[in-house]
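The structure appears right after this line, and notes come after that.
The values are calculated or read from the model by the stated rules, or taken from the named source; none is laboratory data. No experiment lies behind these values; they were computed from the predicted model shown. Cβ placement follows ideal geometry from the backbone for every residue including glycine, while neighbour counts extend to all protein chains displayed. Note: accessible area is taken over every heavy atom of the protein model, side chains too, but ligands, DNA and RNA are not part of it. Shrake-Rupley method; radii C 1.70, N 1.55, O 1.52, S 1.80 Å.
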Amino acid sequence: MREDFKFTMWVYPPISQFTPDEVDLWADCGMTVPMAPKMFFEKDDPALLLPFLDRAEKRGIKLIAHFDDLGFDEIGRIGAEEYERRFRRVCDVIGSHPALYGFTVGDEPGTAEEYANSIECLKIQKKVAPHLKPFLNYSGSIVNHSKEQLHGKTPEEWIRYMKEETGVTDFVYDEYSQMINDHGRTIFFESMKKLVGGAEAAGCDCWVNLLSTEHLVFHAPNEVDVRWQIHMSAVCGCRGTVWFRFYDRDIAIDAINSPIDEFGNKTEQFYAIYRTQRRFLANYAQLPSMKRLSTYAKVKDRGVYPVFKPGDHEYIRDIDVLDETVFSFFEDEKGDEYLCLVNGDVDHYSVVRIDFDPDKCDIYNVTLNGTKEMKLNRGAEGQAPDLTLYPAQLVLIRIAKK
């Protein structure tokens with residue numbers, strides 16, 4: 001069964017500030033599993049979410065329920081037994097709705113106690129509602145957390161432990177470094193390689209929480225930055241992206257210029273995300289249905305992914321590029337192989353020339369989720385015609401083996 005790429009975001013304003021009409025805004029923006037407005041078990045009736053879920057069902061999307069006091073912080077305060085009682089009470093009201101994706105579990109555990117509590121939350125949520133997918137967001141600094149914090153485990157071992165202990169097969173992690181400078185992009189790839197690799201080894205899906213807001217030392221993304229973040233996440237093997245954040249608070253001092261500002265206006269970030277997500281879903285939503293085989297880089301060696309060289313692939317003899325390019329080989333469930341490339345430069349176009357073995361394969365530029373293909377005719381020596389990629393553009397090439 002095809003598994004499409006997921007798009008969601010953090011929504012912090014309370015549900016009292018919204019009507020179900022807001023679901024249309026999220027769907028129109030390309031959010032496939034948007035987070036519902038913030039709620040609290042101790043003061044909000046779970047039934048308040050039902051009209052939002054009904055609207056989501058009509059729009060063909062699902063919602064992530066966000067009860068701020070049903071996360072790992074709360075289980076540490078009230079204990080596992082009371083946490084399960086509260087979670088069951090909420091699930092009795094909304095847990096069987098077909099448009100419910102799952103519940104949040106908390107954000108950025110950092111101490112050994114918080115990591116242990118997150119495991120307890122995941123266990124209880126899967127026990128009570130095994131059909132739902134809990135939403136747990138790790139800090140990107142998990143890659144640097146000590147074994148004492150991670151109960152004697154490396155980050156990769158922790159991911160496997162999480163899955164084996166809880167049965168949960170999805171997790172999210174924060175990564176904002178790419179919105180500082182070029183060195184921050186190197187940090188982005190370093191975390192991506194470790195956490196996506198750890199997820200794949202454990203049989204999990206990794207999502208990444210990206211930045212849509214001007215926040216502290218991080219600048220607000222323009223449309224190319226939005227495109228770079230989504231496309232690089234996809235080519236490196238992520239199965240979904242999350243935005244921090246979608247709405248600004250009334251008083252927004254350390255975080256401004258979110259997609260919806262504190263005055264209720266749509267900002268440049270909204271339209272950048274709107275266009276990029278919808279274009280991606282129209283053309284490349286099927287990437288998560290494929291298995292990532294390998295990832296390479298060309299031109300700019302950041303010391304993270306290996307530099308592709310002749311002999312690394314049986315059918316693709318070489319790839320010549322003008323600017324920094326990151327690319328991965330994927331395989332679909334039928335055994336067909338694909339080459340996904342992203343121009344890593346945010347300022348300049350790149351020219352890509354694929355040298356393939358014409359005796360072994362043909363190659364096709366694939367769009368519209370595989371329903372449209374354009375054969376790249378080979379030259380005298382097997383090279384395909386040059387592909388010109390605008391800044392942060394993604395292309396998908398099917399390798400048709402003979």
Within the stretch 104-119, restricting to residues that are in contact (Cβ under 8 Å) with a residue 40 or more places away in the chain and more than 24 Å from Val33 (Cα to Cα), the one that is surrounded by the most Cβ atoms within 10 Å (Cβ to Cβ) is Asn117
Do we have any residue at all in the stretch 69-87 that's in contact with a Pro (Cβ under 6 Å, 6 or more places away or on another chain), at pLDDT 95 or above and among the small types (Gly, Ala, Ser)? no
query: Out of curiosity, is Lys300 basic (Lys, Arg), outside any strand (DSSP E or B), modelled with pLDDT under 95 and within 21 Å of Leu387 (Cβ to Cβ)?
result: yes
Cβ pairs under 8 Å, 6+ apart or interchain, first in the stretch 67-78 and free of Cβ contacts under 8 Å to residues at least 24 places away in the same chain, second among the basic types (Lys, Arg) and not in a loop (DSSP other than H, G, I, E, B), ordered by first then second residue, are Ile78/Arg86
Subset of the stretch 354-402, residues in a loop (DSSP other than H, G, I, E, B), surrounded by fewer than 12 Cβ atoms within 10 Å (Cβ to Cβ) and at pLDDT 95 or above, comes to Thr371
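Listed here are the residues, each with its yes/no results for (1) open to solvent by less than 30 Å² (accessible area, probe 1.4 Å); (2) in contact with a Leu (Cβ under 6 Å, 6 or more places away or on another chain); (3) closer than 20 Å to Phe189 by Cα; (4) aromatic (Phe, Trp, Tyr).
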| site | (1), (2), (3), (4) |
| --- | --- |
| Ser212 | yes, no, yes, no |
| Phe218 | no, yes, yes, yes |
| Ile230 | yes, no, yes, no |
| Val235 | yes, no, yes, no |
| Cys238 | yes, no, yes, no |
| Val242 | yes, no, yes, no |
| Tyr247 | yes, no, no, yes |
| Ala252 | yes, no, no, no |
| Ser258 | yes, no, no, no |
| query | Somewhere in the stretch 36-52, is a residue under 24 Å from Arg278 (Cα atoms), under 21 Å from the mean Cα position of the chain (by Cα), open to solvent by 60 Å² or more (accessible area, probe 1.4 Å) and at pLDDT 95 or above? | reply | no
When Ser96 is run through (1) out of contact with any Phe, Trp or Tyr (no Cβ under 6 Å at 6 or more places or on another chain); (2) open to solvent by less than 50 Å² (accessible area, probe 1.4 Å); (3) of a type in the set (Ser, Thr, Tyr), the failure sits at (2)
Scanning the stretch 268-285 residue by residue, those open to solvent by 20 Å² or more (accessible area, probe 1.4 Å) and in contact with a strand residue (DSSP E or B) (Cβ under 9 Å, 6 or more places away or on another chain) turn out to be Tyr274, Leu281, Ala282, Asn283, Tyr284
Apart from one, (1) surrounded by 21 or more Cβ atoms within 10 Å (Cβ to Cβ); (2) at pLDDT below 95; (3) among the hydrophobic types (A, V, I, L, M, F, W, C) all hold for Trp10; the odd one out is (2)
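Looking only at helices (runs of 4 or more DSSP H) that fall completely inside the stretch 145-258, which ones have 1 or more residues that are within 27 Å of Glu113 (Cα to Cα)?
Details: elements: 155-166, 182-202, 223-235.
Correct list: 155-166, 182-202.
Considering only the stretch 301-347, state which residues are hydrophobic (A, V, I, L, M, F, W, C), farther than 22 Å from Phe280 by Cα and surrounded by 17 or more Cβ atoms within 10 Å (Cβ to Cβ).
Initial filter on the stretch 301-347 (hydrophobic (A, V, I, L, M, F, W, C)): 304, 307-308, 316, 319, 321-322, 326-327, 329-330, 339-342, 346.
This time we only want the ones that are farther than 22 Å from Phe280 by Cα, so: 304, 307-308, 316, 319, 321-322.
Val304, Phe308, Ile316, Ile319, Val321, Leu322 - these are the residues of the stretch 301-347 that are hydrophobic (A, V, I, L, M, F, W, C), farther than 22 Å from Phe280 by Cα and surrounded by 17 or more Cβ atoms within 10 Å (Cβ to Cβ).
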Scanning the stretch 77-93 for residues that are open to solvent by less than 40 Å² (accessible area, probe 1.4 Å) and not β-branched (Val, Ile, Thr), the one farthest from Val33 (Cα to Cα) turns out to be Gly79
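Can you say whether Ile256 is within 22 Å of Leu25 (Cα to Cα), out of contact with any Lys or Arg (no Cβ under 6 Å at 6 or more places or on another chain) and modelled with pLDDT under 95, as far as the supplied structure shows? Before the answer, list the steps.
Details: within 22 Å of Leu25 (Cα to Cα): yes; out of contact with any Lys or Arg (no Cβ under 6 Å at 6 or more places or on another chain): yes; modelled with pLDDT under 95: yes.
Taking the combined requirement at face value, the residue satisfies it.
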